[in-house]
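Chemist: Below is a structure I'd like to ask you about.
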Protein chains: 2
Amino acid sequence: MVHVTESRVVALAGGVGGAKLAYGLAQCVPSERLTVIGNVADDFTLYGLHISPDLDTVMYTLAGLANPKTGWGLAGDSWQMLDMLTRYGEQPWFRLGDRDLATHLLRTQWLAAGLSLTEVTARLAEALGMPGRLLPVTDEPVRTMVETVEHGTLGFQEYFVRHRWQPTVRQVWYQGAGDARATDAALSALRAADVIVFCPSNPVLSIEPILAVPGVRQALQARRGVCVAVSPFVGGKAVKGPADKLMGELGLGITPPDLIRYYVGLIDGLVIDEADRALAGECAVPVLVTPTLMRSDADKVHLAEKVLHWVEGLHG
Amino acid sequence: MVHVTESRVVALAGGVGGAKLAYGLAQCVPSERLTVIGNVADDFTLYGLHISPDLDTVMYTLAGLANPKTGWGLAGDSWQMLDMLTRYGEQPWFRLGDRDLATHLLRTQWLAAGLSLTEVTARLAEALGMPGRLLPVTDEPVRTMVETVEHGTLGFQEYFVRHRWQPTVRQVWYQGAGDARATDAALSALRAADVIVFCPSNPVLSIEPILAVPGVRQALQARRGVCVAVSPFVGGKAVKGPADKLMGELGLGITPPDLIRYYVGLIDGLVIDEADRALAGECAVPVLVTPTLMRSDADKVHLAEKVLHWVEGLHG
C-alpha cells in the first residue's frame, strides 16, 4: 500500500455509506494514524444481546469481512438461528446472522463483565485484524428516537428496519445525549487530527448523533486540523436509505448549500458529486467536485485519495 | 397411536439415553398423562446464555427434532457462530449449534424477564409441539460438581465436554441442592403418578441430582404408584458416556443388584438387559429382562411398551 498521507486522519462514520469511505481511507492512511469515530445511537438490545449495527458495519467493512451484497452483516453468513426463532413463534424483524451472533454474544458478555464499549470494540476489531482504530463516540447509552405520524415514537431500529423507514417522520432526537459524554479517546483523536472527514452518512441519523454527544461539537469547533464533509447525496437523492425522504420530512434541504448550512462552523470544505456541479458556485466553503458513488473497492480508495489530496491543499 | 396405558406416567430423565426412553413413552402414553422430570444440574452459563443441556435433549427428542447422529442438539444444525467465535480468538469447547442458539437466547431472555425455568421450559416445549410435559425438577440453581484427580474441582460441563470425561473422579456433589426445593409441579406429578420410571440415564450424573433436590426423595418414598428403574448398563458397561468408568472410580458397582442397592427404598422393580440375565436371580426386587438397547425409534417404543405392560402387572 502506498500511503497517500502521513496526516492523522479522523473519520466520522455511520453505516454502510460511511463505512465504504472509511474502507477507502484505511487503504490510504497508515493504520496507526487512522481513527474512525462511530455512531452508537442506533445500538439496541434484542434477545438480550447488545447490538451495535453501525460499529459492526464499519468493523466488518474495514476488516474485509462485510457482506458485499448488503454492505452490512458478514459475508457468507446464514440464518439458521432466526429460522429456529420463527419455529418458536417469534417474528424476528432484525436480520441476525449466525456468524454475526458471535460478535453480539462477545460484546454482550464483555459489557456485562464491566468492559466499556470502547474496550469491547477495540478487542473485537483487533481480533478481526481491522486496520485503523474504531472508537464509539461515547461509552454511555445514546439512542436515536423517531417520532412518526403513523406509529408515534419509534426506536431507531424499529423505524429503520421493522418499518423499513416508510413512516413519515415528525421529529428526531437523541435520547441520553444530554447526559452522555464523549470518550477521552474520541475527543483526543479529534483534537490531534490533521484531517477530519464526515463520511457520506445520513446527516440526521448517523453524523448528528455523533455531534450531539457533549464534547464533540466543541472539539470540532476548536479543531487544529481541517474538517471536510462528503455529501451522501447525489443529484438531490440519497444513494441508499432514507436520508433524502427524512430530511425532506424534517424541512431540511439536501443541496450542497443546505449541507454547508447544516454543518456550519464545523467544516472547512465539502465534497460533492459531479451530478451537483451546478450548485458548486453557491457554496460558502471550498468544494471538491468528484464522483462520489462507491460501487467497487477501487471506487472507495479512489474517493479517499481524492479527498485526502484535496484536503492537503486546503491545509496550505 | 394406540395408547398402551391410561396410567399417569412420570419419567425421570437425564440426557441422551433417558430422552430415548422418554420418546418411547411419549408414543405409548396420552400426552396429558405423561410428565418428564428433567435434570437441571448440568445447566451452565456460556457467553451469557443459560444452557440446559438435559432439558433440551429431552425436548428436542420428544419433539422429533433431535440430531439422530448424536442424540443431542438439533437435526440439520450448523456451526457458523462457533466458527466466527474461533475467528475472534475464542476456543469454544461446547458445541453450540446455530439453530440451538435460538433456544438458549429465548431461555436466557425469558429468565431475565422473571419467568421461572418451569415456565420457560413449558413455553419452549409447547412452541415445538413436544408431546407430554417437561418439568425441571427445580427452578433454583443446582450444579453438579466433579472433583477430579488431575484437574481439581470441575463444573459438570467442563468435566463432561471440555475434558471428555477423561479425568479420574474422586467425588461428585450437587452444589445448591441443599438450598433448592423441588417445584410444586414436579412434586404433585410424583404424588399423582400411577407409574414412575427412572429412565436409563447415568445414576450419579442424571438421576441422583434429581433425587438430591429436597422433596423428591420424600415424594418417591411416599409414592402411591409403582416405581421402576431401567438400567443404563448392558453387560457391565455403559451404553454411552462415562457411567461405568465414573461409578467404578466412586467405588459403586453397576450390576443389577448394585443398582437396586443404589435405589433402595425408591424402586419396586428393575429393567435389565438380556446380557445381564444371569444376575436376575440375585435381585431383591422384581426384574424384567428385555433388550434395552435403543438404536431405532421402534426400539424406543418397544422398550417403553414392554416396561409399561410389565409395570401394569406389578401393580396388581
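Chemist: Please give, to one decimal in nm, the separation of the simple spin-label points placed at residue A:70 and residue A:93, each 7 Å out from Cα toward the Cβ.
Modeler: It works out to 1.6 nm between the two label points.
Chemist: How far, in nm to one decimal, is residue B:153 from itself in the other copies if the label point is set 7 angstrom along Cα toward Cβ? Shortest first, please.
Modeler: Those label-point separations list as 4.9 nm.
Chemist: Now, a different point. Taking the Cβ-Cβ separation of residue A:221 and residue A:83 as r and a Förster radius of 60 Å, what is the calculated FRET efficiency to the nearest 0.05? List each step's numbers first, then the result.
Modeler: Numbers: r = 50 Å, r/R0 = 0.83.
The value I calculate is 0.75.
Chemist: So, one more: Nearest beta-carbon of B to the rotation axis carrying it onto A: which residue, how many whole Å?
Modeler: B:98, 2
Chemist: For chain A, take the longest principal axis of its alpha carbons; what is the angle in degrees between that and the long axis of helix A:98-112, to the nearest 10 within 0 to 90?
Modeler: 90
Chemist: Could I ask something else about it? Just the number, please: percent antiparallel of the DSSP beta bridges in chain A, rounded to the nearest 5. Present the calculation step by step, with values, prior to reporting the outcome.
Modeler: On the way: 17 of 40 bridges.
Restricted to chain A, the bridges split so that about 45 percent are antiparallel.
Chemist: Turning to a different aspect of this structure: Step through the table entries B:69/B:300; B:240/B:300; A:240/A:300; B:245/B:306; B:20/B:69; A:20/A:240, compare each Cα-Cα distance with 20 Å, and write down the pairs that go over it.
Modeler: Table pairs above 20 Å Cα-Cα are B:245/B:306.
Chemist: Determine the distance separating the Cα centre of the range A:161-212 from the Cα centre of the range A:1-66; give it in Å without decimals.
Modeler: If you average the Cα positions of each part, the centres end up 14 Å apart.
Chemist: Right, another one. Let me check I've understood the local charge: for residue B:86, count other residues with C-beta under 13 angstrom from its C-beta, Lys and Arg +1, Asp and Glu -1. What total comes out?
Modeler: Summing Lys/Arg as +1 and Asp/Glu as -1 gives +1.
Chemist: Can I ask one more? Nm distances between the label at residue A:129 and the same-position labels in the remaining copies, 7 Å along Cα→Cβ, shortest first?
Modeler: 4.5
Chemist: Tally the DSSP beta bridges in the protein assembly as shown and give the antiparallel ones as a percent, rounded to 5.
Modeler: Counting only bridges with both partners in the protein assembly as shown, antiparallel ones make up about 45 percent.
Chemist: Only helical DSSP H runs with n ≥ 4 go in: add -39500 (n - 2.57) per run for chain B, normalise by residue count and round the 222 nm mean residue ellipticity to 500 deg cm²/dmol.
Modeler: The per-residue figure over chain B is -10000 deg cm²/dmol.
Chemist: Let me ask another. Sorted from shortest, what are the nm distances separating the label point of residue B:111 from equivalent points in the other copies, each placed 7 Å from Cα along Cα to C-beta?
Modeler: From this label point to the equivalent ones elsewhere in the assembly: 2.0 nm.
Chemist: Starting from 0.36 nm per residue, how many nanometres of slack lie between residue A:192 and residue A:284 once their C-alpha separation is accounted for? Intermediate values should be presented prior to the final figure.
Modeler: On the way: separation 92, 0.36 × 92 = 33.12 nm, distance 2.59 nm.
Fully extending the segment from residue A:192 to residue A:284 adds 30.5 nm.
Chemist: In a shell of Cβ-Cβ distance under 13 Å around residue B:174, excluding residue B:174 itself, what net charge do Lys and Arg (+1) and Asp and Glu (-1) give?
Modeler: Working: positive: B:143, B:217; negative: B:42, B:43, B:140, B:147, B:179, B:208.
Neighbourhood net charge equals -4.
Chemist: What number comes out for the charge environment of residue A:164, summing +1 per Lys or Arg and -1 per Asp or Glu over other residues with Cβ under 14 Å away? All intermediate terms of the calculation are to be shown ahead of the outcome.
Modeler: Working: positive: A:95, A:162, A:240, A:245; negative: A:150, A:158.
Result for the local shell: +2.
Chemist: Further, regarding this structure: Order by neighbour count: B:116, B:296, fewest other Cβ atoms within 10 Å first, most last.
Modeler: B:296, B:116
Chemist: Still on this structure, please answer the following. Of the chymotrypsin sites (Phe, Trp or Tyr not before Pro) in the range A:79-172, which ones lie in a loop per DSSP and count no more than 13 other C-beta atoms within 10 Å?
Modeler: Sparse-neighbourhood loop chymotrypsin sites (Phe, Trp or Tyr not before Pro): A:93.
Chemist: Another one. Could you give the longest part of chain B that holds none of the trypsin sites (Lys or Arg not before Pro) found in DSSP loops with at most 12 neighbouring Cβ atoms within 10 Å?
Modeler: The reported range is B:70-163.
Chemist: I would also like to ask the following. Considering Cα pairs under 8 angstrom that are at least six residues apart, work out the relative contact order of chain B and quote it in whole percent.
Modeler: Taking the mean separation of contacting Cα pairs over the length of chain B, I get 20 percent.
Here, each number is a calculation from the coordinates, and none is a lab measurement. A quick note: this is a predicted structure, and the numbers were derived from the prediction, not measured. Heads up, the Cβs are rebuilt from the backbone with ideal geometry, glycines too, and the neighbour counts pull from every protein chain shown.
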